[in-house]
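Working notes for the structure below.
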Amino acid sequence: GEDVEQSLFLSVREGDSSVINCTYTDSSSTYLYWYKQEPGAGLQLLTYIFSNMDMKQDQRLTVLLNKKDKHLSLRIADTQTGDSAIYFCAEKGLPSGAGSYQLTFGKGTKLSVIP
Amino acid sequence: KAGVTQTPRYLIKTRGQQVTLSCSPISGHRSVSWYQQTPGQGLQFLFEYFSETQRNKGNFPGRFSGRQFSNSRSEMNVSTLELGDSALYLCASSVTGQANVLTFGAGSRLTVL
């Protein structure tokens, strides 16, 4: 079945850039997503990218997609202490027979920002 | 615009009991999905409802069930609770469309003793 892999931890200094990486196995993935989860909260959508795009930029966030290598990355520029959270990569494959979609999530990368 | 509302936020049950969790989607969202989040397994898809019909189901035992009402609100039920059912249960709603962006609620944290 589909699988999404992420490294579990990342530590960066405040003001530096953070790069969180993700690999996926489903070659039929149509959309790929980045979600953020803060302690005690649900998942907040940060950004998403369509599979025929290479890059998407949204303020401090840059998403890079290498479809050939099935590799997705999220770059956070000028990382702040408020960015400390768990970041999940997710992929959306082809729909089921009933037209339903489900997302397959990675285990999440815990980003710690050192002041 | 109100977000996805899940109730209760926290609950404690004992083994063998059953539990019902509720989810009110964003107004206008007709699709509701449920996910289980545990430290060991991460986020796993439970089921998805659209127009009161279950369209998709994850790999969970029959003790896990759900339903959706005509106003798109959804409930999930877990019967005969086991210790391993302790988890954060997340509900997400979406409009149908290409990107199918899921908007998540804050979750219901279930502890089974």
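The values are calculated or read from the model by the stated rules, or taken from the named source; none is laboratory data. Keep in mind it's a predicted model, so treat the numbers as computed, not measured. All Cβ positions, even for glycine, are placed from backbone atoms using ideal geometry, and neighbour counts span all protein chains on display. In case anyone asks, the SASA skips ligands and DNA or RNA and just uses the protein heavy atoms, side chains included. Shrake-Rupley method; radii C 1.70, N 1.55, O 1.52, S 1.80 Å.
Key figures for this structure:
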{"read-out": "Residue within segment A:85-93 that is away from every other protein chain (no Cβ under 12 Å), touching a Gly at 6+ places or on another chain (Cβ under 8 Å) and either part of a strand (DSSP E or B) or modelled with pLDDT of 95 or more (or both) present", "value": "yes"}
{"read-out": "The lone exception for B:Ala106 - which of (1) at pLDDT 95 or above; (2) away from chain A (no Cβ under 13 Å) it fails", "value": "(2)"}
{"read-out": "Test: residue in segment B:86-94 that is of a type in the set (S, T, N, Q), in contact (Cβ under 8 Å) with a residue 12 or more places away in the chain, touching a Leu at 6+ places or on another chain (Cβ under 6 Å) and within 14 Å of another protein chain (Cβ to nearest Cβ)", "value": "yes"}
{"read-out": "Subset of segment B:51-76 [open to solvent by less than 40 Å² (accessible area, probe 1.4 Å) and facing chain A (nearest Cβ under 9 Å)]", "value": "B:Asn56, B:Gly58"}
{"read-out": "Test for B:Asn100: is it part of a strand (DSSP E or B) and within 10 Å of another protein chain (Cβ to nearest Cβ)", "value": "no"}
{"read-out": "Output for segment A:39-52, where each listed residue is open to solvent by 70 Å² or more (accessible area, probe 1.4 Å) and more than 10 Å from chain B (Cβ to nearest Cβ)", "value": "A:Pro39, A:Asn52"}
{"read-out": "Elements of type strands (runs of 3 or more DSSP E) in segment B:1-46, at least 1 residues being open to solvent by less than 20 Å² (accessible area, probe 1.4 Å), over 17 Å from A:Ala90 (Cα atoms) and touching a residue at least 40 places away in the same chain (Cβ under 8 Å)", "value": "B:5-7, B:19-24, B:31-38"}
{"read-out": "Unique match (being in contact (Cβ under 8 Å) with a residue 24 or more places away in the chain, in contact with a strand residue (DSSP E or B) (Cβ under 6 Å, 6 or more places away or on another chain) and in a loop (DSSP other than H, G, I, E, B)) among A:Thr47, A:Thr79", "value": "A:Thr79"}
{"read-out": "Sole residue being within 12 Å of A:Leu32 (Cβ to Cβ) and within 14 Å of chain B (Cβ to nearest Cβ), chosen from A:Lys56, A:Lys70", "value": "A:Lys56"}
{"read-out": "Boolean, A:Lys70 is closer than 28 Å to B:Trp34 by Cβ, crowded, with 18+ Cβ neighbours inside 10 Å and in contact (Cβ under 8 Å) with a residue 60 or more places away in the chain", "value": "no"}
{"read-out": "Subset tally (residues that are facing chain A (nearest Cβ under 9 Å) and either under 22 Å from B:Arg55 (Cα atoms) or modelled with pLDDT of 95 or more (or both)) for segment B:27-43", "value": "5"}
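Per-residue answers, yes or no, for (1) under 13 Å from the mean Cα position of the chain (by Cα); (2) aromatic (Phe, Trp, Tyr); (3) within 17 Å of A:Lys92 (Cβ to Cβ):
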residue: A:Ile20; (1), (2), (3): yes, no, no
residue: A:Thr23; (1), (2), (3): yes, no, yes
residue: A:Ser27; (1), (2), (3): no, no, yes
residue: A:Pro39; (1), (2), (3): no, no, no
residue: A:Thr62; (1), (2), (3): yes, no, no
